[in-house]
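Student: Can you keep this structure in mind? I'll have questions shortly.
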Amino acid sequence: MPGYPPIADHGLIGDLQSAALVSADGAVDWFCAPRFDSPSIFASLLDKDRGGHFTIAPAGDDVTVRQLYLPDTAVLITRFLTPEGVGEVVDFMPVDDNPDVATDRHRIVRAMRVVRGTLTFDVQCRPRFDYGRGAHTLSLEGGDAATFHGSDLDVHLRSSLPLEADGEDVRGSVTLRQGEVAGVVLETSSPGVPAPEPVTVQSVEAELRQTHAFWHRWIRRCRYRGRWQHMVNRSAITLKLLIYAPSGAPIAAATMGLPEQVGGERNWDYRYTWIRDGSLSVRVLLDLGYVEEADAFRRWLGERFRAPRRPGAEPMQIMYRIDGDPHLTEETLDHLAGYRDSSPVRAGNGAADQLQLDIYGEVAYAMTHSPDLADLAGYEGWQAFASVLDWLCDTWDRPDEGIWETRGGRKRFTYSRLMCWVALDRGIRLAQQYARPADLHRWTAQRDAILTQVMERGWNPERSAFVQHYDSEVLDASLLLMPLVGFISPKATRWLSTLDAMDRELVTDSLVYRYNPEASPDGLRGAEGTFSLCSFLYVEALARAGRLDQARYAMDKMLTYANHVGLFAEEIGPTGEQLGNFPQAFTHLALITAAIALDEELDKADERH
């Protein structure tokens with residue numbers, strides 16, 4: 001559909017508090033400020049007419065485009081090749097000296113340069129505040145500056161090229177010859193704040209050097225040195241870009257409303273912190289050596305444990321806003337057409353009120369990965385955690401909505417039981433390791449009861465496999481975590497039989513579906529693609545099962561579905577297109593764990609031979 005680039009045709013830039021998508025045709029078509037979960041300023045990705053955009057591109061139609069990151073940075077280059085010349089737009093968001101302090105000021109720096117011949121760049125800046133619902137007024141300030149005044153946010157545009165009004169928007173044009181550079185900087189602020197300094201080529205180049213150096217310093221701390229270094233580094237940087245530095249909370253993805261099926265209704269807002277995703281991100285960051293980031297999320301998580309709750313409420317919600325606010329009221333933005341007419345477009349997320357018992361297991365799984373991290377919680381942290389495990393002993397045997405947030409009613413999901421087992425098992429280990437007070441007799445009895453129940457009711461003799469929920473024959477790729485969390489040996493007969501069943505039913509050319517929605521209705525219309533998280537979990541499960549040739553093939557095959565700059569959305573569609581919110585943290589953390597596991601198993605095999 002004209003006006004809507006493929007989801008995969010984007011790179012991500014950010015400053016650890018907000019982020020923007022830049023399409024391969026030079027458009028910033030998604031940007032929210034001052035936070036990831038704020039209303040959008042540019043959202044033409046969800047409505048090409050009403051959403052707003054900030055585009056820099058060459059004049060004319062005879063253009064070939066290449067987009068890439070400067071290696072091991074979040075500095076994005078969009079290169080335009082034309083008969084007249086070769087030019088580049090360099091996009092980045094400078095990271096503040098104190099990124100842990102929340103601010104309304106966020107900068108998108110866009111540098112234009114020509115490396116061969118001559119090229120004319122056209123600039124259009126068309127902000128649309130509050131998801132396209134808010135009006136704005138324009139103030140031109142000299143020939144190279146403008147301010148867009150919204151109701152609760154100003155957007156300043158400063159440029160080294162001439163700007164002119166286009167209604168309440170701005171446009172400009174500049175012709176550059178080989179070696180020449182021009183810059184445009186967009187900066188958000190609260191209303192009434194003094195305008196930023198004028199832009200010069202020197203100031204843009206200085207900020208580029210500083211941003212480049214920041215990312216190089218950060219990636220040097222990564223201790224992965226395996227076979228997939230480039231992709232692991234890119235995934236690590238992506239995870240870092242999706243962490244809100246002031247709170248330490250990671251978001252699930254940078255976007256909202258991007259469809260799991262084009263034209264369908266599976267369009268969700270992922271700009272929030274899921275307990276599950278965040279906890280597993282902690283484990284990955286620890287594996288890579290990023291203890292500070294992991295500890296920041298531990299502190300955020302501890303605050304959620306200790307927060308007062310309503311009588312009868314669960315100890316935790318499944319997700320929160322990035323500052324810990326539990327209110328994520330879901331609304332439908334009917335004025336937005338949706339990506340390629342995929343509606344409804346939803347802001348907020350009604351799944352926040354679901355019961356998903358697995359989240360307590362993911363928290364325990366992550367917190368026990370590092371002795372230092374577990375010990376940092378202290379006595380008060382232990383008391384909060386132990387009280388949750390006492391509660392879980394009474395409540396684990398309930399139906400819930402499960403990991404996939406189905407809207408078709410609660411069931412006794414096997415995965416939920418699995419992770420309740422993990423929560424109690426890891427709690428017992430922590431209590432013993434740190435000599436903490438705990439009702440170990442009760443915890444152990446309930447842990448063992450869960451294992452017995454899963455083995456008896458989660459196992460389907462007719463399928464010779466563990467299944468999605470009790471009294472069902474449906475397979476579920478979330479159970480790929482069973483051997484990875486230590487519930488069952490990765491080479492046990494029952495597990496290998498389950499893996500074989502998944503190979504036959506859920507795997508297509510090494511890509512993995514979550515489950516079959518036709519066989520297990522989830523309360524939503526339409527279908528979906530293969531789930532990239534599950535494809536990487538499949539690689540890890542194969543590796544731990546000793547099926548190394550199959551695991552290596554699946555890993556290498558999956559990496560071919562990354563976009564041109566190494567990013568993954570949530571799903572891969574039937575024709576290989578990326579679908580769902582983008583980029584998705586869950587996918588990138590699973591890529592890292594798969595790479596680490598496969599490296600370990602391949603190294604062991606090399607040693608044996």
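Student: Kindly provide the set of residues from region 217-234 that are surrounded by 13 or more Cβ atoms within 10 Å (Cβ to Cβ) and either hydrophobic (A, V, I, L, M, F, W, C) or over 18 Å from LEU285 (Cβ atoms) (or both), ordered by number.
Tutor: TRP218, ILE219, CYS222, ARG227, TRP228, MET231, VAL232
Student: So, one more: Which numbered condition trips up VAL199, out of (1) at pLDDT 95 or above; (2) crowded, with 18+ Cβ neighbours inside 10 Å?
Tutor: Of (1) at pLDDT 95 or above; (2) crowded, with 18+ Cβ neighbours inside 10 Å, only one is false for VAL199: (1).
Student: Which of the residues that make up region 545-564 are surrounded by 19 or more Cβ atoms within 10 Å (Cβ to Cβ) and either of a type in the set (A, V, I, L, M) or part of a helix (DSSP H, G or I) (or both)?
Tutor: Within region 545-564, ALA545, ALA551, ALA554, MET555, MET558, ALA562 qualify.
Student: Moving on. Considering only residues of region 101-150 that are open to solvent by 50 Å² or more (accessible area, probe 1.4 Å) and among the aliphatic types (A, V, I, L, M), which is farthest from ARG50 (Cα to Cα)?
Tutor: Looking at residues that are open to solvent by 50 Å² or more (accessible area, probe 1.4 Å) and among the aliphatic types (A, V, I, L, M), I get VAL115.
Student: Among what's in region 524-544 and is assigned to a helix (DSSP H, G or I) and over 18 Å from the mean Cα position of the chain (by Cα), pick the residue that is nearest to ARG266 (Cα to Cα).
Tutor: TYR538
Yes or no, residue by residue, for (1) within 30 Å of ASP334 (Cβ to Cβ); (2) under 15 Å from the mean Cα position of the chain (by Cα):
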site: MET231; (1), (2): no, no
site: SER235; (1), (2): no, yes
site: LEU239; (1), (2): no, yes
site: ALA245; (1), (2): no, yes
site: LEU258; (1), (2): yes, yes
site: ARG266; (1), (2): yes, no
site: THR273; (1), (2): yes, yes
site: ASP277; (1), (2): yes, yes
site: SER281; (1), (2): no, yes
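Student: Of everything in region 308-324, what is open to solvent by 30 Å² or more (accessible area, probe 1.4 Å) and either in contact with a His (Cβ under 8 Å, 6 or more places away or on another chain) or at pLDDT 95 or above (or both)? Give them in sequence order.
Tutor: Matches in region 308-324: ARG321, ASP323.
Student: Tell me, yes or no, whether region 491-498 has at least one residue that is assigned to a loop (DSSP other than H, G, I, E, B) and either within 27 Å of the chain's Cα centre (by Cα) or closer than 22 Å to ALA590 by Cβ (or both).
Tutor: Yes, region 491-498 has at least one match.
Student: Still on this structure: From SER189, SER235, grab the single residue that is in contact (Cβ under 8 Å) with a residue 60 or more places away in the chain, in contact with a helix residue (DSSP H, G or I) (Cβ under 6 Å, 6 or more places away or on another chain) and within 22 Å of ALA20 (Cβ to Cβ).
Tutor: SER235
Student: While we're looking at this one, here's another question. When you check TYR470 against the structure, is it surrounded by fewer than 20 Cβ atoms within 10 Å (Cβ to Cβ), under 20 Å from ARG306 (Cα atoms) and out of contact with any strand residue (DSSP E or B) (no Cβ under 7 Å at 6 or more places or on another chain), yes or no?
Tutor: Spelling it out, it is not the case that TYR470 is surrounded by fewer than 20 Cβ atoms within 10 Å (Cβ to Cβ), under 20 Å from ARG306 (Cα atoms) and out of contact with any strand residue (DSSP E or B) (no Cβ under 7 Å at 6 or more places or on another chain).
Student: Examine region 339-354 for a residue that is open to solvent by less than 50 Å² (accessible area, probe 1.4 Å) and over 30 Å from LYS48 (Cα atoms), and state whether such a residue exists. Reasoning before the result, please.
Tutor: Kept after step one, since they are open to solvent by less than 50 Å² (accessible area, probe 1.4 Å), are these residues of region 339-354: 339, 342, 344-352, 354.
Checking which are over 30 Å from LYS48 (Cα atoms) leaves us with 354.
Within region 339-354 (the criterion being open to solvent by less than 50 Å² (accessible area, probe 1.4 Å) and over 30 Å from LYS48 (Cα atoms)), the answer is yes, since at least one residue qualifies.
Student: Could you tell me how many of the residues in region 573-588 are in contact with a helix residue (DSSP H, G or I) (Cβ under 8 Å, 6 or more places away or on another chain) and either open to solvent by less than 10 Å² (accessible area, probe 1.4 Å) or acidic (Asp, Glu) (or both)? Lay out the reasoning, then the answer.
Tutor: Let us first name the residues in region 573-588 that are in contact with a helix residue (DSSP H, G or I) (Cβ under 8 Å, 6 or more places away or on another chain), namely 583-588.
Narrowing further to those that are either open to solvent by less than 10 Å² (accessible area, probe 1.4 Å) or acidic (Asp, Glu) (or both): 583-585, 587-588.
So the answer is 5.
Student: Here is a further query. Out of the residues in region 61-70 that are free of Cβ contacts under 8 Å to residues at least 24 places away in the same chain and not in a strand (DSSP E or B), state the one that is surrounded by the most Cβ atoms within 10 Å (Cβ to Cβ).
Tutor: Here the answer is VAL63.
Student: May I ask you to verify whether GLY192 is surrounded by fewer than 18 Cβ atoms within 10 Å (Cβ to Cβ) and modelled with pLDDT under 95?
Tutor: yes
Student: List every residue pair whose Cβ atoms lie under 9 Å apart, where the two residues are 6 or more positions apart in sequence or sit on different chains, the first residue falls within region 308-325 and is on the phi > 0 side of the Ramachandran plot, and the second residue, located anywhere, is open to solvent by less than 20 Å² (accessible area, probe 1.4 Å).
Tutor: Taking only residues 6 or more apart or on different chains, the pairs are GLY324/ALA249; GLY324/THR273; GLY324/TRP300.
Student: Out of SER38, SER44, report the one residue that is buried (at least 24 other Cβ atoms within 10 Å of the Cβ) and in a loop (DSSP other than H, G, I, E, B).
Tutor: The unique qualifying residue is SER44.
Student: Would you mind finding the one in ASP49, ASP96 that is outside any strand (DSSP E or B), open to solvent by 40 Å² or more (accessible area, probe 1.4 Å), out of contact with any strand residue (DSSP E or B) (no Cβ under 8 Å at 6 or more places or on another chain) and modelled with pLDDT under 95? I'd like the intermediate steps shown before the answer.
Tutor: Details: ASP49 fails: modelled with pLDDT under 95.
Going through ASP49, ASP96 in turn, just one is outside any strand (DSSP E or B), open to solvent by 40 Å² or more (accessible area, probe 1.4 Å), out of contact with any strand residue (DSSP E or B) (no Cβ under 8 Å at 6 or more places or on another chain) and modelled with pLDDT under 95: ASP96.
Student: Still on this structure, I have one more. In region 401-446, what residues are under 28 Å from ALA477 (Cβ atoms), at pLDDT below 95 and hydroxyl-bearing (Ser, Thr, Tyr)?
Tutor: THR406
Student: Yes or no: ALA59 of a type in the set (Gly, Ala, Ser) and at pLDDT below 95? Can you show your working first?
Tutor: Numbers: of a type in the set (Gly, Ala, Ser): yes; at pLDDT below 95: yes.
Here the answer is yes, as ALA59 does meet what is asked.
Student: So is ILE596 assigned to a helix (DSSP H, G or I), open to solvent by 20 Å² or more (accessible area, probe 1.4 Å) and of a type in the set (Val, Ile, Thr) or not?
Tutor: Yes; evaluated as a whole, the condition is true for this residue.
Student: Kindly provide the set of residues from region 341-400 that are among the hydroxyl-bearing types (Ser, Thr, Tyr), assigned to a helix (DSSP H, G or I), modelled with pLDDT of 90 or more and under 28 Å from the mean Cα position of the chain (by Cα), ordered by number.
Tutor: Across region 341-400, the qualifying residue is only TYR360.
Student: Moving on to the next point. Quick check, is LEU286 touching a strand residue (DSSP E or B) at 6+ places or on another chain (Cβ under 8 Å), within 24 Å of PHE582 (Cα to Cα) and touching a residue at least 24 places away in the same chain (Cβ under 8 Å)?
Tutor: In short, no.
Conditions (1) more than 29 Å from the chain's Cα centre (by Cα); (2) closer than 23 Å to GLY52 by Cα; (3) in a strand (DSSP E or B), marked per residue:
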position	(1), (2), (3)
GLY172	yes, yes, yes
THR175	yes, no, yes
VAL184	no, yes, yes
PRO198	yes, no, no
GLU207	no, no, no
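The values are calculated or read from the model by the stated rules, or taken from the named source; none is laboratory data. Predicted model, so just to flag it, every value in this text is computed and none were measured. As a convention, Cβ positions derive from the backbone with ideal geometry for all residues, glycine included, and neighbour counts pool all protein chains shown. For the accessible areas, the whole protein counts, side chains as well, though only heavy atoms, and no ligand, DNA or RNA atoms are used. Shrake-Rupley method; radii C 1.70, N 1.55, O 1.52, S 1.80 Å.
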